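Here's the structure we're looking at; comments come further down.
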Amino acid sequence: MLNTFKMKLNMQKVITDYSEIAKLATLYRQSGQKIVLTQGSFDMIHIGHCRYLAKAKTYGDVLFVGIDSDEKIKKRKGPERPVVPEDERTEMLTYLSSVDHVVIKPLAAPKWQLIKLIKPDVLIAVENTYSNQEIEALEKFCGQVVVLKRQATTSTSAKLRRLQIGFAQNFSQTLTTKIHQSIDEVLEQLKK
């Protein structure tokens with residue numbers, strides 16, 4: 001019962017109606033709150049994501065997180081991604097105390113739509129997300145663009161690559177062993 005209540009409470013952080021985003025941002029701004037926005041996939045949430053979002057929140061009072069839809073991630077990272085579906089990624093973010101609102105970014109959304117709707121006081125990005133020219137262009141919609149270093153030594157993509165490599169190595173070793181055993185068995189049968 002308590003878990004269901006907490007889940008419903010956390011899901012109130014999720015904004016599904018894009019027409020409400022600008023209104024909500026305006027209300028926060030009118031009450032004197034500094035608005036921060038960051039965006040990403042947040043697939044297989046790890047310590048780097050948590051540190052990044054906690055650090056992002058220190059730049060203001062209210063943190064909006066734009067999360068890429070499954071369709072958007074598949075197009076950018078390939079058909080095997082995301083590992084965690086958008087409804088679960090969204091819910092996981094709602095449990096982080098640094099996150100005030102989560103918005104799913106659909107593939108069909110115009111470039112920088114969420115940034116233009118929220119007009120954050122501070123846009124937080126990780127290194128290599130935007131070029132210097134893009135940052136200059138973004139500052140027309142934001143008070144400031146802050147670029148943070150990655151907050152962990154590995155990314156979700158790196159962790160997945162390590163898993164794939166480990167699987168491939170184990171598969172190869174097992175297959176090699178089985179092939180050698182089969183050859184030895186056949187040779188023994190031929191000797192008889």
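Bear in mind these aren't lab numbers, they're just calculated from the coordinates by the rules spelled out. Because the structure is a prediction, the values reported are computed rather than measured. Cβ coordinates were reconstructed from backbone atoms using ideal geometry, including for glycine residues, and neighbour counts include every protein chain displayed.
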Distance in nm between R29 and K111 label points, each 7 Å along Cα→Cβ, equals 2.3 nm
Under the rule rounded for a/c under 1.5, else prolate if a/b exceeds b/c, else oblate, using alpha carbon gyration tensor axes a ≥ b ≥ c, region 2-153 is classed as rounded
The alpha-carbon center of region 46-73 and that of region 86-103 are separated, in whole Å, by 8 Å
Note on region 72-138: alpha-carbon gyration tensor, axes a ≥ b ≥ c; rule is a/c under 1.5 for rounded, else prolate if a/b larger than b/c, else oblate; result oblate
Extension length gain for L148 and N132 (0.36 nm per residue less Cα distance), in nm, is 4.4 nm
With a 24 Å threshold on alpha-carbon distance, the violating pairs from K23/K75; K23/K149; K57/K119; K23/K77 are K23/K75; K23/K149; K23/K77
